[in-house]
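Undergrad: One structure, pasted below without further comment.
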Amino acid sequence: MNQDFNYNHLRAKKSRITVVMTPMVRKMMNLGRFLLAILTIYLLLVGSSLMWACLAAISALTILLWWWKLELHRLAPLNDGTVEGNLASNILGRLPRNPNSVDIAEAALKASGGMFIVSRFGFGQEVFKNLAEIPQNSPKDIWRSALEMQRKLNTKTISGSVLVLAIIRNFPAHEKFLAHFNLDFRDLTEGVVWHDHIFSLIDKISQPKQTGGIARDWSFGWTPTLNQFGRQVNTNSIRVASELPQYREIIAKMIDKLSSNGQKNIALIGADGVGKTTVVESFASQIMDGRNNIPSELRYNQVVILDASALISAAPGRGELEQLVNYIFVEAYSAKNIVLCLDNAHLFFEDAIGSADLSNLLLPILEAGRLKMILAIDQQAFLQISARNSSLANTLNTLQVVPANFEETLSVMQDEITILEQKYNVFYFYQALKTAYELSSRYIFNLEMPGRAVKLLEMSAAFADNGLVSSASVEQAIEKSMNVKISTAHQEDEKSKLLNLESLIHRRMIGQAPAVSAVANALRRARAGVRNRDRPIGTFLFLGPTGVGKTELARTLADVYFEGEDNMIRLDLNEYVGLNDVERLIADGADNPTSLTAQVMKKPFSVILLDEIEKAHPNVLTALLQVLDEGILRDTKNREVSFRDSIIIATSNAGSERIRELINRGYDIEKSEQIIVDDLISSNQFRPEFLNRFDEVTIFTPLKKSELLQIVDLIILGVNKTLANQKVVVKITDEAKMLLTEAGYDPRLGARPMRRVVQRVVENTVARKMLAGEVAAGSEILITAETIQSTIGR
Amino acid sequence: MLMAFISWWYSKGWLARAVTILDSLEKSIDYFSLPLLIKTWFAPFRQIDAGRLVNGSIEQRFRKLVDRTFSRIIGAILRTVVMLAGVFYIALRALLGLLMLVFWAALPILPIVFVILTFSGWMPHFNLKIPEIKIPEIIKMNNKTQIPRGQR
C-alpha cells in the first residue's frame, strides 16, 4: 500500500482536467462550438481559408467534450492500493503538488461526500478543519487511514465521505468527540453508505427505463370507468422499498403468484405503517420496467388502486354499488393489463359508514382467480373478516408484511427526508433520524415501523430551529403532542422545582420524609438524564396504616410536578379482584377508556397510583410484574404500551398491625423495613418476586400528635381557600388546635378522624354563622377552645 | 498523457462510443414498441370486440366475428405504419451511428488537417448551375408583354 502522493500520476493529471471542466466551462465550450459553426459557414461563403481554423477549433473542443463525457467525469479507480489510483477524481484534481492536511481537508469538503458528512452530522466545516490540523493527521496518516477505511467499507473510491471519516478517526479522542454530537463511529460509516446510496439512486433514475413505447397499450383495452374510480399507481419514483430484503422477497412472490396459472390474487397483510402501499408502488414500478425480468403476462401491466369512498358516494344504493363494481371488474378483466388493488380492503368486506360488504360479489371473482387483484389489509381486520367468512381466507394468497427493523427503518427515513426537506424547506441531521426511531417506538402506537418513524420526522419539521431539524426538534415534537417530558430539565424554574421538590411537597403533606425523599430523588434522576430509560421513572410500594398519607403523597406529587391531579392515573385495585379482571386492566381504549393501558397511552408522563394493591387478584399482580420490571405492558390489541415515563406508586395497608406493634416495642421503623417485608412474604400476602420489583418499599409511620397539629393548619388553609370567594377568613387559637388534635388523634386511623373533627367543629360552625348572618364579607371567624368544647360536647 | 489519451481514444473510448450508439438504438426500438408490435401484430386494436360471446345467436356471433376482424385489420394497419416508421428511423440511426464510429477514428487527426488547410489557403469551389427555365413565347411590343389575340 503506497501512501505517498504522486502529483504527476496519469490519473491525477486527468483529474485536474476534470476539475477544470466545470459545468459552466462545458456550457461555454458548447456555446463556443455553436458560434464557431456559424462563423465557419460565413467564412465558407466569403471564401476565407480561416474557415479551416474554425473547424480545427470545433474538432478540438468536440474531442475534449467527448473525452470528458466518456472517461474523465467518471474516472474509474485503478484498485492498485495507491492513493492516486483510488482517490475520487473530484478530490484528486484539487490537490496541489505537495498537499498538507488542510489542503486535503478542504478538497474533501469541496466533494459532495465530504460536505454531506460534515453537514448531516452537524460538525461544521471549521471544526472539521481544526481536526485535520492535529499532528496525528499528517498527509501520510490520512492516506493510510483512508485506504484502510475504503477497504473496510468496500467503497469504489476514496470519496469525500471516506476521507472525512479517516481524518476524524485519526483523532485519538474521536469517540469522545463524536459522543459530544450524540454519535458513535458506526453512525459515520452509516453516513458513507447513505451518501453512496443517494448516488446509486441518481444513477438509477438517470438510466433510461424501457417502458414499452408509444404503442404499448394498443393491445390492451380502455378503462374509462376504472379511471374514474381508481388511481393509477405512480411508477416514476424510485422507492427504497424494492431495496429492502423483506420487500424484495414479497415483491418476487407477488410477481410469481400474479403470473401463475393459479388464483391470481395477493393479500398483503400487515399493520398500518409497515409499508403495504409502498410495496404495491414498488411492485408497480418493477413490472413497468422492461429491463426487469418480468413474465410477459405481467409486464407493462398497470396497477390501479380502487377508491372505496368514490364508489360508495357514486352508487349509494346497494344494488347500484354492486352493479358498478361488477362493471369495473369486467372492464379491468377485458383490458387484460390491469392489476386491481383494494387498499384498506376491509372497506369492501364490512357494512359501516364509508364501507360496504361486497363479499358476495368479490368472493366468486377471487375464487375464479382470473382477474389480477391485490388486497392490502390490516392484520386485525383480516382476522375478523376470516372469522366471518372462512372461504375468503382460504381463497387468498396471503403475504405478511412485518414491521421494519432499525436498519430498514433508517433506510426508509433516509429516502423520505429528501421529500420532507423539499416540502418543509428544512434540513434533517442524522441524529434526528435515530431519535425519531427511538421515540416513535415508545410513544406512537397507531402505526408500525417504518411509518411511525416517518410520521414523527414529519411532525418534527414544525419544530425546526432556523430550518435545522435535530434530536431536540424530534423530542419537542413528542413532548408537545404527547404531553410528556423527555429532554433533560434545562429551564431554570423546572430545575429549581426539582431541587426543592421535598419542601414543595411538604407544603401540602406533613411527615413521611423518607418516602417524600425517595420519590423526589427518582424524579431528579429522571430529569437529569441519569436513570435507566428502559424502566419506569420509579416504582414504589408504600406500606402503612390507613390515613397516614400514602395516597396523599401521590396526589401531591401529581399536583406539584405533573401539573395537576388530572395527570394522576388512579386504579383502585379492590375493583380488580376477579379472575377476568386482567382483561379490564389491558382493554383497548376504544372498548374501555378507563383501562390502565388506555389511560397510560393517553398520558405517558404521569403518576400511576395503584391503591390497595394487596386486594388485587394474583393474575392482576402477575400482569403488573412486567410493568414494574421493564415498563411495558401489551394491551388486548397486542400493542406495547410504555410505562417508562411514569412514576408508579402502589399503596397497601398490609402489615399495618405489625408496624404498630414494632413502634410500640420501640423499634425504629425506618430500619425495620426488612422485618416487615419478611412478614409479608411469610404470610403470603405478597410474593417475593413481586416485592423485589419495586425500587423502594417505604413504611409510612402512624402520625404523631405534633404532625397532626401541622395537619390542622393545612386543613384550615384548605377551608380558607374555599371561603376566599366570600372574603371570609377562619382563624384558630393554639389552644383550640390542641383540643382538635386530642379529639382527632387515633394512631390506628391516621389523619381521617382529624379531618372529620375539623369538619364537625370548624366547618359546621362557619356554616351556621354565615347562614345566621353573623358573618359579613371581609370578616374573620375565630375558632376558640370554647367553640370546640361546645361543639364536641353536643 | 498524449499517448494515454490516444490509447484510450482508439480502444476503450471507441467501445464506449459504440455502447452509447447501441443504447440509443435500444431506446429507439423500445420507443417504437417494436417487440410488442410484432408480437401483437394482428391482435384486436385496444381489445375492441375481443371478448367472447356467450350464448349468442348465430347472427350475433357472425356480427361479433366481423367486428373483431375489422378491429384486427385496423390494429394491423396502425401497427404496420408504426413499425415501418420505427424500422426506418432505427435504420437511419444505425447508419448515422456507423458514420459516427468512422468519424470517431478520424476526429483526433482532424484538427491537424484543418490547421494545415488553413495555412495552405486552399478553399473548395462549388459550381452552382442554375437550370434554364423555358417560358412560352411572349410577344414583346415596346418592352411590354402582350397576350396574343387568339389566347385572350
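Undergrad: Restricting to segment A:272-284, give me the number of residues that are open to solvent by 20 Å² or more (accessible area, probe 1.4 Å) and in a loop (DSSP other than H, G, I, E, B).
TA: 2
Undergrad: Report yes if some residue within segment A:570-583 is within 30 Å of the chain's Cα centre (by Cα) and farther than 30 Å from A:Ile669 by Cα; otherwise report no.
TA: Applying the first criterion (within 30 Å of the chain's Cα centre (by Cα)) to segment A:570-583 yields A:570-571, A:582-583.
In the following step, the residues that additionally are farther than 30 Å from A:Ile669 by Cα were identified as A:582-583.
Yes, segment A:570-583 contains at least one residue that is within 30 Å of the chain's Cα centre (by Cα) and farther than 30 Å from A:Ile669 by Cα.
Undergrad: Taking the condition open to solvent by 10 Å² or more (accessible area, probe 1.4 Å) and in contact with a helix residue (DSSP H, G or I) (Cβ under 8 Å, 6 or more places away or on another chain), does A:Arg151 pass? Give the steps one after another, and end with the answer.
TA: Working: open to solvent by 10 Å² or more (accessible area, probe 1.4 Å): yes; in contact with a helix residue (DSSP H, G or I) (Cβ under 8 Å, 6 or more places away or on another chain): no.
It is false that A:Arg151 is open to solvent by 10 Å² or more (accessible area, probe 1.4 Å) and in contact with a helix residue (DSSP H, G or I) (Cβ under 8 Å, 6 or more places away or on another chain).
Undergrad: Kindly check whether there is at least one residue in segment A:374-386 that is under 23 Å from A:Val339 (Cβ atoms) and open to solvent by 30 Å² or more (accessible area, probe 1.4 Å).
TA: Yes, that holds for at least one residue.
Undergrad: I've got another one for you. What pairs come out if I take residues in segment A:356-380 that are under 15 Å from A:Asn397 (Cβ atoms) and in contact (Cβ under 8 Å) with a residue 60 or more places away in the chain and pair them with residues that are of a type in the set (Asp, Glu) and outside any strand (DSSP E or B) whose C-beta lies under 6 Å away, six or more apart or interchain?
TA: Listed by first residue and then by second, the contacts come to A:Ala376/A:Asp343.
Undergrad: Can you tell me which residues in segment A:292-330 are surrounded by 19 or more Cβ atoms within 10 Å (Cβ to Cβ), touching a residue at least 40 places away in the same chain (Cβ under 8 Å) and closer than 15 Å to A:Leu362 by Cα?
TA: Correct list: A:Leu306, A:Ala308, A:Leu311, A:Ile328, A:Phe329.
Undergrad: Here's a follow-up. Would it be correct to say that B:Leu101 is at pLDDT 90 or above and either closer than 30 Å to B:Trp8 by Cα or open to solvent by 40 Å² or more (accessible area, probe 1.4 Å) (or both)?
TA: Values: at pLDDT 90 or above: yes; either closer than 30 Å to B:Trp8 by Cα or open to solvent by 40 Å² or more (accessible area, probe 1.4 Å) (or both): yes.
The answer is yes for B:Leu101.
Undergrad: For segment A:471-511, please list each of the helices (runs of 4 or more DSSP H) lying entirely inside it that holds at least 3 residues being over 30 Å from A:Thr701 (Cβ atoms). Even if it seems obvious, please write down each step before you answer.
TA: On the way: elements: A:471-482, A:492-499, A:501-506.
So the answer is A:471-482, A:492-499.
Undergrad: Considering only residues of segment A:687-719 that are among the β-branched types (Val, Ile, Thr) and more than 30 Å from A:Met770 (Cβ to Cβ), which is surrounded by the most Cβ atoms within 10 Å (Cβ to Cβ)? Spell out the reasoning first.
TA: Of segment A:687-719, the ones among the β-branched types (Val, Ile, Thr) are A:697-699, A:701, A:711-712, A:715-716, A:719.
Add one more test, that the residue is more than 30 Å from A:Met770 (Cβ to Cβ), and what stays is A:697-699, A:701.
Values: A:Val697: 22, A:Thr698: 23, A:Ile699: 25, A:Thr701: 22.
Step by step, filter segment A:687-719, then rank; the result is A:Ile699.
Undergrad: If we only count helices (runs of 4 or more DSSP H) wholly inside segment A:169-254, which ones have 1 or more residues that are under 30 Å from A:Gln136 (Cα atoms), at pLDDT 90 or above and away from chain B (no Cβ under 14 Å)?
TA: Values: elements: A:174-180, A:185-206, A:224-229.
Counting at least 1 such residues, we get A:174-180, A:185-206.
Undergrad: Counting only residues that are of a type in the set (Ser, Thr, Tyr) and under 19 Å from B:Arg93 (Cβ atoms), which one in segment B:1-52 is most open to solvent (accessible area, probe 1.4 Å)?
TA: Initially, segment B:1-52 is screened for residues of a type in the set (Ser, Thr, Tyr), giving B:7, B:10-11, B:20, B:24, B:28, B:31, B:33, B:40.
Subsequent filtering for residues that are under 19 Å from B:Arg93 (Cβ atoms) retains B:20, B:24, B:28, B:31, B:33.
Numbers: B:Thr20: 50, B:Ser24: 29, B:Ser28: 9, B:Tyr31: 124, B:Ser33: 2 Å².
Within segment B:1-52, the match that is most open to solvent (accessible area, probe 1.4 Å) is B:Tyr31.
Undergrad: Also, I was wondering about something else. I'd like the full set of residues that are over 30 Å from A:Ser112 (Cα atoms) and more than 8 Å from every other protein chain (Cβ to nearest Cβ), limited to segment A:58-87. Even if it seems obvious, please write down each step before you answer.
TA: First pass over segment A:58-87, keeping only residues over 30 Å from A:Ser112 (Cα atoms): A:58-60.
The answer is A:Ile58, and nothing else.
Undergrad: Does segment B:36-50 include one or more residues that are over 16 Å from the mean Cα position of the chain (by Cα) and away from every other protein chain (no Cβ under 12 Å)? If you could, list the steps in order and put the result at the bottom.
TA: Initially, segment B:36-50 is screened for residues over 16 Å from the mean Cα position of the chain (by Cα), giving B:36-50.
Next cut, away from every other protein chain (no Cβ under 12 Å) only: none.
Within segment B:36-50 (the criterion being over 16 Å from the mean Cα position of the chain (by Cα) and away from every other protein chain (no Cβ under 12 Å)), the answer is no, since none of the residues qualifies.
Undergrad: Here are some conditions: (1) buried (at least 20 other Cβ atoms within 10 Å of the Cβ); (2) in contact (Cβ under 8 Å) with a residue 24 or more places away in the chain; (3) of a type outside the set (Lys, Arg). A:Ala520 meets all but one. Which one does it not meet?
TA: (2)
Undergrad: On the basis of being part of a helix (DSSP H, G or I) and more than 30 Å from A:Leu703 (Cβ to Cβ), does A:Ala453 make the cut? Can you show your working first?
TA: On the way: part of a helix (DSSP H, G or I): yes; more than 30 Å from A:Leu703 (Cβ to Cβ): yes.
Yes.
Undergrad: Okay, next question. From the list A:Asn30, A:Asn6, which one is farther than 25 Å from B:Ala105 by Cβ and more than 10 Å from chain B (Cβ to nearest Cβ)?
TA: Working: A:Asn30 fails: farther than 25 Å from B:Ala105 by Cβ.
Being farther than 25 Å from B:Ala105 by Cβ and more than 10 Å from chain B (Cβ to nearest Cβ) holds for just one of A:Asn30, A:Asn6, which is A:Asn6.
Undergrad: For segment B:71-97, which positions are without any contact (Cβ under 8 Å) to a residue 12 or more places away in the chain and either away from chain A (no Cβ under 11 Å) or closer than 30 Å to A:Leu43 by Cα (or both)?
TA: Listed by number, the residues that qualify are B:Ile73, B:Ile77, B:Leu84, B:Phe88, B:Ala91, B:Leu92, B:Leu95, B:Leu96.
Undergrad: Those residues that are touching a Leu at 6+ places or on another chain (Cβ under 7 Å) and open to solvent by less than 40 Å² (accessible area, probe 1.4 Å), I need them from segment A:446-485; list them, please.
TA: A:Leu456, A:Leu457, A:Ala461, A:Val474, A:Ala477, A:Ile478
Undergrad: Right, another one. Would you pick out the residues in segment A:195-231 that are charged (D, E, K, R) and either open to solvent by less than 50 Å² (accessible area, probe 1.4 Å) or within 26 Å of B:Ile29 (Cβ to Cβ) (or both)?
TA: Going residue by residue through segment A:195-231, those that are charged (D, E, K, R) are A:196, A:203-204, A:209, A:216-217, A:231.
Scanning segment A:195-231 gives A:Asp203, A:Lys204, A:Lys209, A:Arg216, A:Asp217.
Undergrad: Here's another thing I want to ask about it. Going by the structure shown, is A:Asn684 more than 24 Å from A:Ala520 (Cα to Cα), part of a loop (DSSP other than H, G, I, E, B) and either in contact with a Gly (Cβ under 9 Å, 6 or more places away or on another chain) or open to solvent by 50 Å² or more (accessible area, probe 1.4 Å) (or both)?
TA: Numbers: more than 24 Å from A:Ala520 (Cα to Cα): yes; part of a loop (DSSP other than H, G, I, E, B): yes; either in contact with a Gly (Cβ under 9 Å, 6 or more places away or on another chain) or open to solvent by 50 Å² or more (accessible area, probe 1.4 Å) (or both): yes.
When the stated conditions are applied, A:Asn684 passes them.
Undergrad: A:Pro23 passes all but one of (1) within 11 Å of another protein chain (Cβ to nearest Cβ); (2) farther than 22 Å from A:Val162 by Cα; (3) out of contact with any Cys (no Cβ under 6 Å at 6 or more places or on another chain); which number fails?
TA: (1)
Undergrad: Here is a check on your reading of the model: is B:Ala16 within 11 Å of chain A (Cβ to nearest Cβ), within 28 Å of the chain's Cα centre (by Cα), among the small types (Gly, Ala, Ser) and assigned to a helix (DSSP H, G or I)? Spell out how you get there, then give the answer.
TA: Values: within 11 Å of chain A (Cβ to nearest Cβ): yes; within 28 Å of the chain's Cα centre (by Cα): yes; among the small types (Gly, Ala, Ser): yes; assigned to a helix (DSSP H, G or I): yes.
So B:Ala16 passes the test.
Undergrad: Quick check on segment A:162-207: of everything there that is in contact with a Ser or Thr (Cβ under 8 Å, 6 or more places away or on another chain) and polar (S, T, N, Q), which residue is nearest to A:Asp289 (Cα to Cα)?
TA: Among those that are in contact with a Ser or Thr (Cβ under 8 Å, 6 or more places away or on another chain) and polar (S, T, N, Q), it is A:Asn182.
Undergrad: Does segment B:11-31 hold any residues that are of a type in the set (Gly, Ala, Ser) and over 20 Å from B:Ala105 (Cβ atoms), and which are they? If you could, list the steps in order and put the result at the bottom.
TA: The initial filter retains those residues of segment B:11-31 that are of a type in the set (Gly, Ala, Ser), namely B:11, B:13, B:16, B:18, B:24, B:28.
The answer is B:Ser28, and nothing else.
Undergrad: Among the residues of segment A:200-212 satisfying the criterion of being without any contact (Cβ under 8 Å) to a residue 12 or more places away in the chain and within 34 Å of the chain's Cα centre (by Cα), which is farthest from A:Lys152 (Cα to Cα)?
TA: Within segment A:200-212, the match that is farthest from A:Lys152 (Cα to Cα) is A:Ser206.
Undergrad: In the set A:Ile269, A:Ile287, A:Ile338, which member is surrounded by 21 or more Cβ atoms within 10 Å (Cβ to Cβ), β-branched (Val, Ile, Thr) and within 14 Å of chain B (Cβ to nearest Cβ)?
TA: Values: A:Ile269 fails: within 14 Å of chain B (Cβ to nearest Cβ); A:Ile287 fails: within 14 Å of chain B (Cβ to nearest Cβ).
Going through A:Ile269, A:Ile287, A:Ile338 in turn, just one is surrounded by 21 or more Cβ atoms within 10 Å (Cβ to Cβ), β-branched (Val, Ile, Thr) and within 14 Å of chain B (Cβ to nearest Cβ): A:Ile338.
Undergrad: Select from segment A:131-156 the residues that are hydroxyl-bearing (Ser, Thr, Tyr) and more than 38 Å from the chain's Cα centre (by Cα) and list them in ascending order.
TA: Looking only at segment A:131-156, we keep the residues that are hydroxyl-bearing (Ser, Thr, Tyr), and these are A:138, A:145, A:155.
Within segment A:131-156, A:Ser138 is the sole residue that qualifies.
Undergrad: Still on this structure, I have one more. Going by what's in this entry, would A:Thr556 be described as among the hydroxyl-bearing types (Ser, Thr, Tyr), at pLDDT 85 or above and in a loop (DSSP other than H, G, I, E, B)? If you could, list the steps in order and put the result at the bottom.
TA: On the way: among the hydroxyl-bearing types (Ser, Thr, Tyr): yes; at pLDDT 85 or above: yes; in a loop (DSSP other than H, G, I, E, B): no.
No.
The values are calculated or read from the model by the stated rules, or taken from the named source; none is laboratory data. Since we're looking at a predicted model, the values are computed, not measured. Because the Cβ atoms are built from the backbone with ideal geometry, glycine has one as well, and the counts that use them run over all protein chains shown. Remember, those area values only see protein heavy atoms, side chains included, never the ligands or the DNA or RNA. Shrake-Rupley method; radii C 1.70, N 1.55, O 1.52, S 1.80 Å.
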